[in-house]
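Engineer: The structure follows.
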Amino acid sequence: SWGVGHSWLPRLRDFHRQTRARNNVLLNRLAPLLAALQADGIPTLVLKGAALATLYHRSLALRPMNDVDILVPTRHRDRARAVLAAHGWTPMLNLPPSYLPCIHGLGYREPGGGEVDLHWHVLWECCQPDADDAFWERAIPLQTAAFDALALDPTDQLFHVCVHGLRWNAPPPIHWVADAIAILRSQDVNIEWDRLCAEASSRRLTMQAGAALSFLRKQFRAPVPSGIIERLANAPRPLGERVEFRLRQLPPALTRGLVLHWFDHSRRAGHAGAVQRMRGFPDYLQSAWGVRHLWQLPIAGLRKVVARLAARS
C-alpha cells in the first residue's frame, strides 16, 4: 500500500503467513491447558507474546512466538504443576523442589512438541510471595478465538517488556523493542507514568526501566515523556543495583551467577539487615542448589565449576 517494491517481499509474505499459522497452532494447544487450570479453580494470566500479539500488535502474524507463557498465582504453583503433569506436560529442567520458590517459572514441553512457560511470578528479579499481587489486581481481560484469560494492564505490560528485554538471552530478545513500541503507539492505551516509576523504584529496577525507555525515545521517537526519563535517571542507585544491572546483561558464568544469587536472596530478605542477609545466604544456596546439608555447598560449587569448564572444552 506504500508502493514499496523489494526482492524480499515474497519471502516476507511467506514468513507472515507461516507466523500466523504457527501462532494459531500454539494458541490452540494452549486453550485446553488453560481450560484445565481454570476448571481446577486456578486463575490464569497470559504473558509476553500471546498477550502482546492479541492486544497491541493486533495480528498473530506480526509477533513470532516459540512458546506461550502462563502466569498463575504463587499459592497455586504446585497445583498448576500437577495439572500440567496430568495433561502430559513435562518440565524441561530437573530442578530441586526447594529451588522453585526462588525462581519465577519453569518451561514445560508436551510430546507433540508444544512448549509452555509456567510462571508463578511476573519478574525474575521479584520472587517474593506477594510480589505480583498488584499485577493481578490490575489485570485486564484477554479474549481470543481460542480462549479467555487475563493479561497485564498496559502500564504493567510496558514495564514487564522493558525489564525482561534488557536481560541477557541467546538469541538476543530484540523483539522487546517492537513490543514496547506497539504498546506506546496504541491509540486506546493510557500509560500511567507515575505508577511505572513507582513500580521501578519499589522493585529496585529503575536502571532497567530508565535505560529501556531512554533507548526507545532516542532511537525510535517513542512517546515517552522526557520528565519520566529524568526521574528514573535521578532515582537513587546504590552500588548493588548498578552491579546487578550490568551482570543481568552478561551471559551466564559461575562467579556472576553466585553474585546474582546474592541479589535474588537480598530481594527476598526484604528489609533485613546486612548481617541477617549474610547469615541467610547459605540457606538460600542450599535451596537453590538442592543439597541436603550446608557442608555440601562447597562440593556442589566445585561440581558446577567442573561442569562449566567441561562445557567450554
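The values are calculated or read from the model by the stated rules, or taken from the named source; none is laboratory data. Predicted, not measured: the structure shown is a model, and the values here were computed from it. Here the Cβ positions follow ideal geometry from the backbone for every residue, glycine too, while neighbour counts run over all protein chains shown. The protein model used for the area step is the full one, side chains on, heavy atoms only, and it has no ligands, DNA or RNA in it. Shrake-Rupley method; radii C 1.70, N 1.55, O 1.52, S 1.80 Å.
Engineer: Restricting attention to region 291-313, which residues are open to solvent by 40 Å² or more (accessible area, probe 1.4 Å) and in contact (Cβ under 8 Å) with a residue 24 or more places away in the chain? Even if it seems obvious, please write down each step before you answer.
Structural biologist: Within region 291-313, the subset open to solvent by 40 Å² or more (accessible area, probe 1.4 Å) is 292-296, 298-299, 302-313.
Residues satisfying the conditions are Lys304, Val305, Arg308.
Engineer: In this structure, is His16 farther than 28 Å from Asp133 by Cα, in a loop (DSSP other than H, G, I, E, B) and not small (Gly, Ala, Ser)? Reasoning before the result, please.
Structural biologist: Values: farther than 28 Å from Asp133 by Cα: yes; in a loop (DSSP other than H, G, I, E, B): no; not small (Gly, Ala, Ser): yes.
When the stated conditions are applied, His16 does not pass them.
Engineer: When only residues in region 1-37 that are free of Cβ contacts under 8 Å to residues at least 24 places away in the same chain and of a type in the set (S, T, N, Q) count, which is nearest to Ile181 (Cα to Cα)?
Structural biologist: For region 1-37, the residue satisfying everything is Ser1.
Engineer: Give the residues of region 38-67 that are touching a Gly at 6+ places or on another chain (Cβ under 9 Å) and farther than 15 Å from Asp179 by Cβ, sorted by residue number.
Structural biologist: Once the filter is applied, which keeps residues that are touching a Gly at 6+ places or on another chain (Cβ under 9 Å) and farther than 15 Å from Asp179 by Cβ, region 38-67 yields only Asp67.
Every residue, every condition in (1) assigned to a loop (DSSP other than H, G, I, E, B); (2) of a type outside the set (Asp, Glu), yes or no:
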site: Leu93; (1), (2): yes, yes
site: Ser98; (1), (2): no, yes
site: Pro101; (1), (2): no, yes
site: Gly112; (1), (2): yes, yes
site: Asp117; (1), (2): no, no
site: His121; (1), (2): yes, yes
site: Glu125; (1), (2): yes, no
site: Gln128; (1), (2): yes, yes
site: Ala149; (1), (2): no, yes
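Engineer: May I pose another question? Among the candidates Asp148, Asp132, which residue alone is more than 30 Å from Arg13 (Cβ to Cβ), among the acidic types (Asp, Glu), open to solvent by less than 20 Å² (accessible area, probe 1.4 Å) and in contact with a helix residue (DSSP H, G or I) (Cβ under 9 Å, 6 or more places away or on another chain)?
Structural biologist: Numbers: Asp148 fails: open to solvent by less than 20 Å² (accessible area, probe 1.4 Å).
Going through Asp148, Asp132 in turn, the sole match is Asp132.
Engineer: Mind listing just one residue for me: the one in region 84-107 that is open to solvent by less than 40 Å² (accessible area, probe 1.4 Å) and more than 25 Å from Gly280 (Cα to Cα) and, of those, farthest from the chain's Cα centre (by Cα)? Reasoning before the result, please.
Structural biologist: Narrowing region 84-107 to residues open to solvent by less than 40 Å² (accessible area, probe 1.4 Å): 84, 88-89, 96, 99-100, 102-107.
Of the ones still in play, those that are also more than 25 Å from Gly280 (Cα to Cα) are 84, 88-89, 107.
Working: Leu84: 20, Gly88: 24, Trp89: 20, Gly107: 12 Å.
The residue in question is Gly88.
Engineer: Does Ala80 satisfy being part of a helix (DSSP H, G or I), under 20 Å from the mean Cα position of the chain (by Cα) and within 16 Å of Leu34 (Cα to Cα)? Steps first, answer last, please.
Structural biologist: Details: part of a helix (DSSP H, G or I): yes; under 20 Å from the mean Cα position of the chain (by Cα): yes; within 16 Å of Leu34 (Cα to Cα): yes.
Here the answer is yes, as Ala80 does meet what is asked.
Engineer: Among the candidates Asp14, Asp40, which residue alone is surrounded by 12 or more Cβ atoms within 10 Å (Cβ to Cβ), of a type in the set (Asp, Glu) and out of contact with any Pro (no Cβ under 9 Å at 6 or more places or on another chain)?
Structural biologist: Values: Asp14 fails: surrounded by 12 or more Cβ atoms within 10 Å (Cβ to Cβ).
Unique residue meeting the criteria: Asp40.
Engineer: Please find, within region 238-285, the residue that is farthest from Val306 (Cα to Cα) out of those that are among the small types (Gly, Ala, Ser), open to solvent by less than 70 Å² (accessible area, probe 1.4 Å) and assigned to a helix (DSSP H, G or I).
Structural biologist: Looking only at region 238-285, we keep the residues that are among the small types (Gly, Ala, Ser), and these are 240, 253, 257, 266, 269-270, 272-274, 280.
Restricting the remaining residues to those that are open to solvent by less than 70 Å² (accessible area, probe 1.4 Å) gives 240, 253, 257, 266, 269-270, 272-273, 280.
Cutting the leftovers down to assigned to a helix (DSSP H, G or I) gives us 240, 257, 266, 269, 280.
Values: Gly240: 28, Gly257: 15, Ser266: 27, Ala269: 30, Gly280: 26 Å.
Once the filter is applied, the top-ranked residue is Ala269.
Engineer: Next up: Could you list all residues from region 108-125 that are farther than 16 Å from Ala80 by Cβ and either open to solvent by less than 10 Å² (accessible area, probe 1.4 Å) or without any contact (Cβ under 8 Å) to a residue 12 or more places away in the chain (or both)?
Structural biologist: Residues satisfying the conditions are Gly113, Gly114, Leu123, Glu125.
Engineer: Something else now. What's the total number of residues in region 53-77 that are buried (at least 19 other Cβ atoms within 10 Å of the Cβ), modelled with pLDDT of 95 or more and part of a loop (DSSP other than H, G, I, E, B)?
Structural biologist: 1
Engineer: Please go through region 179-234 and give me each residue that is assigned to a loop (DSSP other than H, G, I, E, B), of a type outside the set (A, V, I, L, M, F, W, C) and open to solvent by less than 60 Å² (accessible area, probe 1.4 Å), ordered by number.
Structural biologist: Kept after step one, since they are assigned to a loop (DSSP other than H, G, I, E, B), are these residues of region 179-234: 185-192, 203-205, 221-225, 234.
Now drop any that are not of a type outside the set (A, V, I, L, M, F, W, C), which leaves 185-188, 190, 192, 203-204, 221, 223, 225, 234.
If the condition is that a residue be assigned to a loop (DSSP other than H, G, I, E, B), of a type outside the set (A, V, I, L, M, F, W, C) and open to solvent by less than 60 Å² (accessible area, probe 1.4 Å), then Ser186, Arg203, Pro225 are the ones that fit.
Engineer: With the condition kept exactly as written, say whether any residue in region 92-102 is in contact with a helix residue (DSSP H, G or I) (Cβ under 6 Å, 6 or more places away or on another chain) and under 27 Å from Gln18 (Cα atoms). Break it down into steps so the answer makes sense when it comes.
Structural biologist: Let us first name the residues in region 92-102 that are in contact with a helix residue (DSSP H, G or I) (Cβ under 6 Å, 6 or more places away or on another chain), namely 98-99, 102.
This time we only want the ones that are under 27 Å from Gln18 (Cα atoms), so: none.
No, the conditions are met nowhere in region 92-102.
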